[in-house]
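Asks: Quick one: the structure is below, questions incoming.
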Amino acid sequence: MKKILFVLLMSLEIYAGTQMCSSGTVVKLLSDDNKGSRHQRFIIKLSSGQTLLIAHNIDLAPKVSSLKKGGFIKFCGEHESNAKGGVVHWTHHDPNKRHVGGWLEYNGQRYE
C-alpha cells in the first residue's frame with residue numbers, strides 16, 4: 001500500500017508545476033482576469049489535440065494585443081494539469097529571479 005501511495009504522489013508531482021515549452025493554435029480568446037495580478041487569458045490547442053488555458057501575467061510582461069483566434073503561438077511556462085487539459089502560467093520573467101522565466105512568441109515577437 002505504501003508503495004502504491006508513493007507512486008501516486010510521485011506521478012502527481014511530475015504533473016504539478018512542470019516547465020513546458022510547446023506551440024499551438026489559439027482556439028478561444030477569453031476576457032482578461034483583472035483580479036489581483038492581471039492576466040491575459042486564452043485557450044490553445046496543441047497538435048496532439050490537447051487544449052490548454054494560457055494565463056499570461058500582463059503586470060510583468062507585455063500583453064499580446066494582436067492575438068487572434070486561429071493564430072499560431074509558441075510558449076514556455078509552468079504547466080499545471082487539470083481535467084480540462086491544464087493551465088500554463090509563468091509565461092514571463094521573474095523580477096525576483098527565483099523562478100524559471102517563461103515567454104510567449106507570436107508573429108515573430110517575444111513577450112516575456
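The values are calculated or read from the model by the stated rules, or taken from the named source; none is laboratory data. Keep in mind that what you see is a predicted model, and the values were worked out from it rather than measured. Cβ atoms come from the backbone with ideal geometry, glycine included; neighbour counts cover every protein chain shown. When the accessible area is computed, the model is the full protein with side chains, heavy atoms only, and any ligands, DNA or RNA have been set aside. Shrake-Rupley method; radii C 1.70, N 1.55, O 1.52, S 1.80 Å.
Asks: Do we have K28 as among the charged types (D, E, K, R), surrounded by fewer than 14 Cβ atoms within 10 Å (Cβ to Cβ) and either in contact (Cβ under 8 Å) with a residue 12 or more places away in the chain or in contact with an Asp or Glu (Cβ under 9 Å, 6 or more places away or on another chain) (or both) here?
Replies: Here the answer is yes, as K28 does meet what is asked.
Asks: Continuing with this model, one more query. Report the residue count in region 63-75 for those that are basic (K, R), over 14 Å from R41 (Cβ atoms) and part of a loop (DSSP other than H, G, I, E, B).
Replies: Looking only at that region, the number is 1.
Asks: In region 76-103, what residues are open to solvent by less than 30 Å² (accessible area, probe 1.4 Å) and either part of a loop (DSSP other than H, G, I, E, B) or touching a Cys at 6+ places or on another chain (Cβ under 7 Å) (or both)?
Replies: C76, G85, G86, T91, H92, D94, G102
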